[in-house]
Structure formats: C-alpha cells, structure tokens
Amino acid sequence: MQTAEALQVSMATVWNVRKRFADAGLEAAINEGSRPGRTPKLNPKQKACLIAVAGSRPPAGYPFWSLRLLAEKMVELGFADSICHETIRAVLKEARCEIPEAAPLQSRGTFPALIEARR
C-alpha cells in the first residue's frame, strides 16, 4: 500500500510489477513487453499515400475530401479490402493533418425539403 501511494499508482500496478520481477527479473519488471493487438490496417507507406491523397484535389463535384471519400479512395487504390472512415481520421490526426469541418447542410444540396423544414 505504501509503495502504491508513494508512486501514485494502483495496487494492481504494484502487484503486476512484482510478479514480472519474480517471474522474469529486473529487466522484465522495468520494461513491459509488447502487448498483442490488431495489426494496423495501413502500413507506414500506405499512410504516406493517404496523407498525399488528402492533400490533393478532391474528386470533381466535391469542395474537399471527406473522411468517407478518402476511405473509398484507399479501397479504390487497393490498399485495403475495406477501411473505416475512423481509421482515416486516426491516421490524419496522428500525422497532424487538418481535417476540414463538414460542409453545412445547405451547401450539400441534399434533402431540400428537410432544409426548409428546419428553417
């Protein structure tokens, strides 16, 4: 309890570090091993291509690249069988790319009756 309070960590953390030390020694206790997880959808080269596409001109008829358009383009280019727009967002955020705000509903030109109903 004193160790956890002094280091401002939970008792579970203290217990896990002690167990790693007892099982595998000091190096294992200090340096936590890699954790299993899902393999990334895009490798670094594909991420670079995504960033390049995001910086290019959007398709005809669109004022800017949306996350969904970029996801469709990545599938079209053969980088993945399918890719979620949230993956695109995460990659662009990681690269500190500016993600444009969605266009206002009025400028999209869809559902004019709905736009009139909202006014």
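A few comments on the model shown:
- Using the Cβ-Cβ distance between Lys93 and Glu32 with R0 = 30 Å, the FRET efficiency computed as 1/(1 + (r/R0)^6) comes to roughly 0.75.
- If R0 equals 41 Å, the separation of the Cβ atoms of Thr13 and Ala60 corresponds to a calculated FRET efficiency of about 0.15.
- Charge sum, other residues only, whose C-beta stays under 12 Å from Gly33's C-beta, Lys/Arg counted +1 and Asp/Glu -1: -1
- For the stretch 24-74, GluC sites (Glu not before Pro) meeting the loop criterion (DSSP other than H, G, I, E, B) and having at most 11 other Cβ atoms within 10 Å: Glu32.
- Theoretical gain in end-to-end length, Leu77 to Met1 [0.36 nm per residue, Cα-Cα removed]: 21.8 nm
Read the figures in this text as sums done on the coordinates, not as results from a lab. Computed from a predicted structure; not experimentally measured. Methodologically, a virtual Cβ is constructed for each residue, glycine included, from the backbone with ideal geometry; neighbour enumeration extends over all protein chains shown.
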